[in-house]
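Since the structure comes first, as structure tokens, the remarks are kept for the end.
The values are calculated or read from the model by the stated rules, or taken from the named source; none is laboratory data. Values in this document were obtained by computation on a predicted structure and should not be read as measured data. Heads up, the Cβs are rebuilt from the backbone with ideal geometry, glycines too, and the neighbour counts pull from every protein chain shown. SASA here: full protein model, heavy atoms, side chains in, ligands and nucleic acids out. Shrake-Rupley method; radii C 1.70, N 1.55, O 1.52, S 1.80 Å.
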Amino acid sequence: MASESTQADTLTPLKGIAVLGGVIVAVAALVAIGIALHLNALYAGFLFVLYWTGLCHAKVDDFAPALIGSLGGIAMAYGLHALPAALGEVAGMVLALGLVLLAIYALIMRWATILVNNAFMLFLTVGSIPMLMDTATLGDMALAVVVSAAYVGVLVLIGKTLASRAAAKA
């Protein structure tokens, strides 16, 4: 909460409107990229952007774990669908659920945090929603995450570079 009040204190209403304008342009550009590339699951890309920029505060050190965790969660969701089909309903579901429990235990123990983290669990949860698979596949979700991560990662790096230069001049 302290960081929120500090940020609010440094932004004037006019600067806040300028930031909002930048967000609108960035979101519109991501939507345009999604349309141009025919990304059927752009919601997954936006979910990554929200996770990394909102919850991780766009920290560069958190980018790789957020991206790897997101893709790992999608892969685990695929396992929940594919293992029962490949091994039979009972054996496949037992194995899939065992892997999910192992991932939860790894999260609790803070093991393999570059992979098993909150992004992993978020995308495992969303990737397990059957109705979402009616219009997109888990592969579509992964592609949207990678494209969105590349786009927002570049934007944030440019923004941080420009901010550093401006601060150095001041």
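Overview of results
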quantity: Complete set of residues in region 85-104 that are closer than 19 Å to residue 115 by Cβ, of a type outside the set (Val, Ile, Thr) and either touching a Leu at 6+ places or on another chain (Cβ under 9 Å) or open to solvent by less than 60 Å² (accessible area, probe 1.4 Å) (or both); calculated: 95, 96, 97, 98, 99, 103
quantity: Meets criteria (under 26 Å from residue 23 (Cα atoms) and free of Cβ contacts under 8 Å to residues at least 12 places away in the same chain) for residue 159; calculated: yes
quantity: Those residues of region 118-137 which are open to solvent by 20 Å² or more (accessible area, probe 1.4 Å) and among the aliphatic types (A, V, I, L, M), in sequence order; calculated: 121, 122, 126, 129, 131, 132, 133
quantity: Pairs with Cβ under 6 Å, 6+ apart, first in region 125-140 and at pLDDT 95 or above, second buried (at least 17 other Cβ atoms within 10 Å of the Cβ) and not in a helix (DSSP H, G or I); calculated: 140/41
quantity: Lone qualifier among 16, 69 - being modelled with pLDDT under 95 and either open to solvent by less than 40 Å² (accessible area, probe 1.4 Å) or of a type in the set (Lys, Arg) (or both); calculated: 16
quantity: Subset tally (residues that are of a type in the set (Val, Ile, Thr) and in contact with a Leu (Cβ under 8 Å, 6 or more places away or on another chain)) for region 111-140; calculated: 2
quantity: Yes/no for residue 114 being closer than 30 Å to residue 19 by Cβ and either open to solvent by 70 Å² or more (accessible area, probe 1.4 Å) or not charged (D, E, K, R) (or both); calculated: no
quantity: Output for region 50-66, where each listed residue is touching a residue at least 12 places away in the same chain (Cβ under 8 Å), of a type in the set (A, V, I, L, M) and either over 19 Å from residue 122 (Cα atoms) or open to solvent by 60 Å² or more (accessible area, probe 1.4 Å) (or both); calculated: 55, 60
